[in-house]
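Enquirer: Can you read through this structure? Questions will come right after.
What follows is calculated from the coordinates using simple rules that are stated; it is not laboratory data. From a predicted model like this one, the values you see are computed outputs, not experimental measurements. For neighbour counting, all protein chains shown are included, and Cβ atoms are generated from backbone atoms with ideal geometry for every residue, glycine included.
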Amino acid sequence: MAERDNRREGGRGRRDREEAAPEFADRLVAINRVSKTVKGGKRFGFAALVVVGDQKGRVGFGKGKAKEVPEAIRKATEQAKRKMMRVPLKEGRTLHHDIEGRHGAGRVVMRTAPTGTGIIAGGPMRAVFEMLGVQDVVAKSIGSQNPYNMIRATLDGLGKEASPRSVAQRRGKKVADILPKRDDAPVSEEA
């Protein structure tokens, strides 16, 4: 019986190592303490909001509730890892185009930015961009300041983002046909 338990745990350990191979960074965005009044006093519970990402174009968020803070954070982190989404990034540092995301009363506007701009965004949105691996972006939250709604609106907008490659594939064209033509050498008319 003991050998069977060891084998079972060994199998579980291997699977955990395979899932943990891509290192994920996590950021605690909010902790909410709630209380329930009972006959003997108050019982406290905690709700945690966590954003997880590999800083290479994948991000997810999760929420967890428990009687203790570490347990709530652990639950939120596990849920975030299960609900990851991939976002195409331009040159691995910024967005391909300007986007707007909505969730409930939360509305966010995200704009692509030139190199060196940095992450100009408020609290919960900043956490999403840092975990995603974005280095240059300008973002503004309009409406709800609730961190849950801001994160959901941000991820809604990021889900709408399309790379030139995906647009070209969907339309059956080449990437060069989709991107605007740039004239690198200006033609001078001297005659």
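Enquirer: Compute the Rg to Rh ratio over region 86-178 from the alpha carbon atoms, using the Kirkwood formula for Rh, and round to two decimal places.
Expert: 1.01
Enquirer: Between region 37-91 and region 120-187, how far is it from one alpha carbon centroid to the other, in angstrom?
Expert: Cα centroid to Cα centroid, the span is 24 Å.
Enquirer: Also, quick follow-up: Would you mind telling me the antiparallel percentage of the DSSP bridges in region 86-178, rounded to 5?
Expert: Restricted to region 86-178, the bridges split so that about 85 percent are antiparallel.
Enquirer: Hey, for a label at LYS56 modelled as a point 7 Å past Cα toward Cβ, could you say which residues of region 96-138 have their backbone N under 20 Å away?
Expert: Residues 96, 128-136 fall inside that zone.
Enquirer: Hey, another quick one. Would you kindly state how much longer the chain becomes between ILE31 and ARG82 on full extension, computed as 0.36 nm times their sequence separation minus their alpha carbon distance, in nm to one decimal?
Expert: 16.3 nm
Enquirer: Name the lysines eligible as straight-distance cross-link partners of LYS39: C-alpha to C-alpha under 24 Å, and not fewer than 8 places from it in the same chain.
Expert: LYS65, LYS67
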